[in-house]
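Structure, as C-alpha coordinates:
The values are calculated or read from the model by the stated rules, or taken from the named source; none is laboratory data. For clarity, every value in this text was computed on a predicted model and none was experimentally measured. When we count neighbours, we look across all protein chains shown, and the Cβ atoms used for this are built from the backbone with ideal geometry, even at glycine. Only protein heavy atoms, including side chains, enter the accessible area calculation; ligands, DNA and RNA are left aside. Shrake-Rupley method; radii C 1.70, N 1.55, O 1.52, S 1.80 Å.
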Amino acid sequence: MPSDNVQAFREAYRQSEISTAYSGAAHFAFTFGVGLSVIVGCALQLDQPTALEWLAIPMTFVYANLAEYWGHRGPMHHPTRGLRLVFRRHTRQHHRFFTDEEMAFDSSRDFKAVLFPPVMIAFFLIVFALPYWALLAWLWSANAAWLGAATAVAYFLNYEILHFAYHCRPDSLLGRLPPIPALRRLHHTHHDPSLMSHRNFNITYPIGDLLFGTLHRRRSSGS
(Lines give C-alpha, C1' and ligand atoms only; values in the text may rest on other atoms or scores of the structure.)
Protein backbone atom coordinates (compact mmCIF):
# COMPACT_ATOMS: atom_id res chain seq x y z
CA MET A 1 0.00 0.00 0.00
CA PRO A 2 1.19 3.55 -0.69
CA SER A 3 2.15 5.65 2.34
CA ASP A 4 -0.40 8.05 3.75
CA ASN A 5 1.32 10.99 1.98
CA VAL A 6 1.32 9.25 -1.40
CA GLN A 7 -2.26 8.07 -0.96
CA ALA A 8 -3.39 11.57 0.02
CA PHE A 9 -1.71 13.05 -3.06
CA ARG A 10 -3.29 10.42 -5.30
CA GLU A 11 -6.75 11.20 -3.99
CA ALA A 12 -6.22 14.96 -4.41
CA TYR A 13 -4.85 14.46 -7.94
CA ARG A 14 -7.80 12.32 -8.95
CA GLN A 15 -10.20 14.97 -7.66
CA SER A 16 -8.49 17.93 -9.34
CA GLU A 17 -6.92 16.48 -12.51
CA ILE A 18 -9.06 13.54 -13.67
CA SER A 19 -12.53 14.40 -14.90
CA THR A 20 -15.47 12.06 -14.42
CA ALA A 21 -15.58 11.65 -18.21
CA TYR A 22 -11.97 10.45 -18.43
CA SER A 23 -11.40 6.95 -19.84
CA GLY A 24 -7.98 5.37 -19.51
CA ALA A 25 -8.77 2.90 -22.29
CA ALA A 26 -9.81 5.73 -24.63
CA HIS A 27 -6.64 7.67 -23.76
CA PHE A 28 -4.50 4.63 -24.55
CA ALA A 29 -6.41 3.99 -27.80
CA PHE A 30 -6.09 7.64 -28.89
CA THR A 31 -2.33 7.69 -28.30
CA PHE A 32 -1.64 4.52 -30.23
CA GLY A 33 -4.31 5.16 -32.85
CA VAL A 34 -2.80 8.52 -33.80
CA GLY A 35 0.77 7.22 -33.60
CA LEU A 36 0.17 4.12 -35.70
CA SER A 37 -1.79 6.16 -38.27
CA VAL A 38 1.17 8.51 -38.70
CA ILE A 39 3.59 5.58 -39.06
CA VAL A 40 1.42 3.90 -41.70
CA GLY A 41 1.02 7.23 -43.52
CA CYS A 42 4.80 7.67 -43.62
CA ALA A 43 5.33 4.10 -44.84
CA LEU A 44 2.89 4.63 -47.71
CA GLN A 45 4.99 7.56 -48.96
CA LEU A 46 8.15 5.50 -49.42
CA ASP A 47 9.44 4.98 -52.94
CA GLN A 48 12.02 2.17 -53.09
CA PRO A 49 14.41 3.42 -50.38
CA THR A 50 18.09 2.73 -50.93
CA ALA A 51 20.28 0.90 -48.42
CA LEU A 52 21.77 4.25 -47.40
CA GLU A 53 18.32 5.78 -46.81
CA TRP A 54 17.37 2.91 -44.48
CA LEU A 55 20.13 4.17 -42.17
CA ALA A 56 17.72 6.96 -41.23
CA ILE A 57 16.09 4.42 -38.88
CA PRO A 58 19.06 3.70 -36.53
CA MET A 59 20.18 7.33 -36.77
CA THR A 60 16.76 8.51 -35.64
CA PHE A 61 16.64 5.90 -32.89
CA VAL A 62 19.86 7.24 -31.35
CA TYR A 63 18.72 10.85 -31.79
CA ALA A 64 15.37 10.10 -30.13
CA ASN A 65 17.06 8.32 -27.23
CA LEU A 66 19.31 11.31 -26.56
CA ALA A 67 16.38 13.72 -26.94
CA GLU A 68 14.48 11.62 -24.39
CA TYR A 69 17.47 11.73 -22.05
CA TRP A 70 18.05 15.49 -22.22
CA GLY A 71 14.35 16.32 -22.18
CA HIS A 72 13.95 14.26 -19.03
CA ARG A 73 17.16 15.46 -17.38
CA GLY A 74 16.38 19.06 -18.31
CA PRO A 75 12.87 20.58 -18.42
CA MET A 76 11.06 17.59 -16.94
CA HIS A 77 13.07 17.97 -13.71
CA HIS A 78 14.08 21.64 -13.82
CA PRO A 79 11.71 24.60 -14.36
CA THR A 80 12.40 26.03 -17.82
CA ARG A 81 10.83 29.12 -19.34
CA GLY A 82 8.06 28.10 -21.72
CA LEU A 83 8.08 24.50 -20.49
CA ARG A 84 6.94 24.89 -16.88
CA LEU A 85 3.84 22.80 -17.60
CA VAL A 86 6.14 19.88 -18.45
CA PHE A 87 7.98 20.32 -15.13
CA ARG A 88 4.72 20.60 -13.20
CA ARG A 89 3.20 17.52 -14.79
CA HIS A 90 6.31 15.39 -14.40
CA THR A 91 8.12 16.40 -11.19
CA ARG A 92 5.26 17.94 -9.23
CA GLN A 93 2.63 15.40 -10.21
CA HIS A 94 3.98 12.16 -11.72
CA HIS A 95 6.79 11.81 -9.19
CA ARG A 96 4.46 12.43 -6.27
CA PHE A 97 1.80 10.06 -7.59
CA PHE A 98 4.41 7.32 -8.12
CA THR A 99 7.33 7.05 -5.72
CA ASP A 100 9.67 4.15 -5.09
CA GLU A 101 7.24 3.21 -2.30
CA GLU A 102 4.51 2.41 -4.84
CA MET A 103 5.03 2.38 -8.60
CA ALA A 104 1.79 0.78 -9.82
CA PHE A 105 -1.46 2.52 -10.63
CA ASP A 106 -4.63 1.37 -8.93
CA SER A 107 -7.04 1.49 -11.87
CA SER A 108 -7.32 2.55 -15.50
CA ARG A 109 -8.25 6.07 -14.35
CA ASP A 110 -4.68 6.45 -13.13
CA PHE A 111 -3.44 6.12 -16.73
CA LYS A 112 -3.83 9.92 -16.77
CA ALA A 113 -0.76 10.16 -14.51
CA VAL A 114 1.37 8.07 -16.90
CA LEU A 115 0.36 8.68 -20.53
CA PHE A 116 1.12 11.97 -22.24
CA PRO A 117 -2.01 14.10 -22.67
CA PRO A 118 -3.33 14.64 -26.21
CA VAL A 119 -1.97 18.21 -26.29
CA MET A 120 1.53 16.85 -25.66
CA ILE A 121 1.11 14.34 -28.49
CA ALA A 122 0.24 17.21 -30.81
CA PHE A 123 3.25 19.14 -29.45
CA PHE A 124 5.52 16.17 -30.16
CA LEU A 125 4.26 15.78 -33.73
CA ILE A 126 4.42 19.49 -34.57
CA VAL A 127 7.57 20.56 -32.69
CA PHE A 128 9.66 17.39 -32.94
CA ALA A 129 8.58 15.06 -35.75
CA LEU A 130 7.57 17.65 -38.38
CA PRO A 131 10.76 19.79 -38.21
CA TYR A 132 12.84 16.61 -38.17
CA TRP A 133 11.04 15.39 -41.29
CA ALA A 134 11.63 18.74 -43.01
CA LEU A 135 15.33 18.74 -42.08
CA LEU A 136 15.89 15.24 -43.45
CA ALA A 137 13.96 16.05 -46.62
CA TRP A 138 16.12 19.13 -47.17
CA LEU A 139 19.50 17.63 -46.28
CA TRP A 140 19.00 14.05 -47.43
CA SER A 141 15.95 12.78 -49.34
CA ALA A 142 12.20 12.33 -49.14
CA ASN A 143 12.57 8.63 -48.34
CA ALA A 144 14.97 9.37 -45.48
CA ALA A 145 12.52 11.98 -44.18
CA TRP A 146 9.59 9.58 -44.16
CA LEU A 147 11.68 6.83 -42.54
CA GLY A 148 12.99 9.27 -39.94
CA ALA A 149 9.55 10.63 -39.09
CA ALA A 150 8.07 7.12 -38.83
CA THR A 151 10.91 6.03 -36.55
CA ALA A 152 10.51 9.12 -34.35
CA VAL A 153 6.81 8.42 -33.85
CA ALA A 154 7.48 4.70 -33.30
CA TYR A 155 10.04 5.62 -30.67
CA PHE A 156 7.47 7.81 -28.94
CA LEU A 157 5.00 4.90 -28.85
CA ASN A 158 7.80 2.65 -27.57
CA TYR A 159 8.42 5.20 -24.81
CA GLU A 160 4.74 5.26 -23.88
CA ILE A 161 4.30 1.48 -23.77
CA LEU A 162 7.47 0.90 -21.73
CA HIS A 163 6.65 3.68 -19.26
CA PHE A 164 3.11 2.33 -19.00
CA ALA A 165 4.49 -1.17 -18.33
CA TYR A 166 6.74 0.07 -15.52
CA HIS A 167 3.66 1.35 -13.71
CA CYS A 168 1.71 -1.88 -14.14
CA ARG A 169 1.88 -4.50 -11.41
CA PRO A 170 5.10 -6.52 -11.81
CA ASP A 171 3.11 -9.76 -11.92
CA SER A 172 0.85 -8.53 -14.74
CA LEU A 173 1.23 -10.03 -18.23
CA LEU A 174 2.80 -6.86 -19.61
CA GLY A 175 4.95 -6.36 -16.52
CA ARG A 176 6.55 -9.80 -16.91
CA LEU A 177 7.54 -9.49 -20.58
CA PRO A 178 11.29 -9.25 -21.24
CA PRO A 179 13.12 -6.86 -20.99
CA ILE A 180 10.57 -4.92 -18.90
CA PRO A 181 11.58 -6.21 -15.42
CA ALA A 182 15.21 -5.10 -15.92
CA LEU A 183 14.21 -1.70 -17.34
CA ARG A 184 11.60 -1.26 -14.60
CA ARG A 185 14.30 -1.60 -11.95
CA LEU A 186 16.18 1.33 -13.48
CA HIS A 187 13.02 3.43 -13.59
CA HIS A 188 12.10 2.38 -10.05
CA THR A 189 15.48 3.71 -8.90
CA HIS A 190 14.76 6.99 -10.70
CA HIS A 191 11.55 7.34 -8.70
CA ASP A 192 13.50 7.44 -5.44
CA PRO A 193 13.03 11.13 -4.46
CA SER A 194 16.71 11.38 -3.48
CA LEU A 195 17.84 10.20 -6.94
CA MET A 196 15.21 11.45 -9.39
CA SER A 197 17.08 14.65 -10.32
CA HIS A 198 20.43 12.91 -10.74
CA ARG A 199 20.09 9.36 -12.06
CA ASN A 200 18.46 7.13 -14.71
CA PHE A 201 16.92 9.72 -17.03
CA ASN A 202 16.36 7.33 -19.93
CA ILE A 203 12.85 5.89 -19.68
CA THR A 204 13.43 3.42 -22.51
CA TYR A 205 16.98 2.16 -23.07
CA PRO A 206 19.83 3.60 -20.96
CA ILE A 207 22.03 4.78 -23.84
CA GLY A 208 22.14 8.40 -22.70
CA ASP A 209 22.66 7.37 -19.07
CA LEU A 210 25.64 5.23 -20.09
CA LEU A 211 27.15 7.97 -22.25
CA PHE A 212 26.79 10.73 -19.65
CA GLY A 213 27.53 8.75 -16.50
CA THR A 214 24.10 8.94 -14.85
CA LEU A 215 23.21 5.24 -14.88
CA HIS A 216 22.57 3.85 -11.40
CA ARG A 217 21.80 0.21 -10.68
CA ARG A 218 20.67 -1.17 -7.36
CA ARG A 219 18.88 -4.21 -6.06
CA SER A 220 15.13 -3.69 -5.99
CA SER A 221 12.37 -5.96 -4.88
CA GLY A 222 9.79 -3.24 -5.43
CA SER A 223 7.18 -2.81 -8.11
Practice prompt. Would you kindly calculate the mean projected area, averaged across all directions, of the convex hull enclosing the Cα atoms of the chain, in square nanometres?
Written response: 13.2 nm²
Fill in: Average accessible surface area per residue within the stretch 1-105, 1.4 Å rolling probe, Å²
57 Å²
Worksheet item: Roughly how many nanometres apart are two label points built 7 Å out from the Cα toward the Cβ at Ala122 and Ile207?
Response: 3.0 nm
Discussion item. What FRET efficiency comes out for Ser16 versus Ala137 if R0 is 41 angstrom and r is the Cβ-Cβ distance? Round to the nearest 0.05.
Written reply: 0.45
Item to complete: Mind checking the per residue accessible area of the stretch 140-196 for me, 1.4 Å probe, whole number of Å²?
Response: 35 Å²
Worksheet item: Tell me, what is the FRET efficiency for Ala25 and Ala67 to the nearest 0.05, using R0 = 30 angstrom and their Cβ-Cβ distance as r?
Response: 0.55
Item to complete: Would you please state the base-10 log of I(q)/I(0) at q = 0.15, 0.19 1/Å for the stretch 139-202, with intensities from the Debye formula using one equal scatterer on every alpha carbon?
Response: -0.60, -0.77
Worksheet, complete the sentence: Counting only protein heavy atoms and leaving out ligands, DNA and RNA, the solvent-accessible surface of Phe212 at a 1.4 Å probe, in Å² to the nearest 10, equals 90 Å²
Worksheet item: In nm, to one decimal, how far is the Ser172 label point from the Leu195 one, both placed 7 Å along Cα→Cβ?
Response: 2.2 nm
Item to complete: Report the accessible area of Tyr205, computed with a 1.4 Å probe over the heavy atoms of all protein chains in place, in Å² rounded to the nearest 10.
Response: 70 Å²
Worksheet item: Taking all protein chains as present, what is the carbon and sulfur share of the accessible area of the chain, in % to the nearest whole number, probe 1.4 Å?
Response: 65 percent
Worksheet item: Is the stretch 108-223 best put as rounded, prolate or oblate by its Cα gyration tensor, with a ≥ b ≥ c the root eigenvalues, rounded for a/c under 1.5, and otherwise prolate when a/b is larger than b/c, oblate when not?
Response: prolate
Worksheet item: Could you give the semi-axes, largest first, of the ellipsoid that matches the stretch 32-111, computed as the square roots of 5 times the alpha carbon gyration tensor eigenvalues and rounded to whole Å?
Response: 34, 18, 12
Practice prompt. Please work out how much length the chain gains when fully extended from Gln7 to Arg89, using 0.36 nm per residue of separation minus the C-alpha to C-alpha distance, in nm with one decimal.
Written response: 27.8 nm
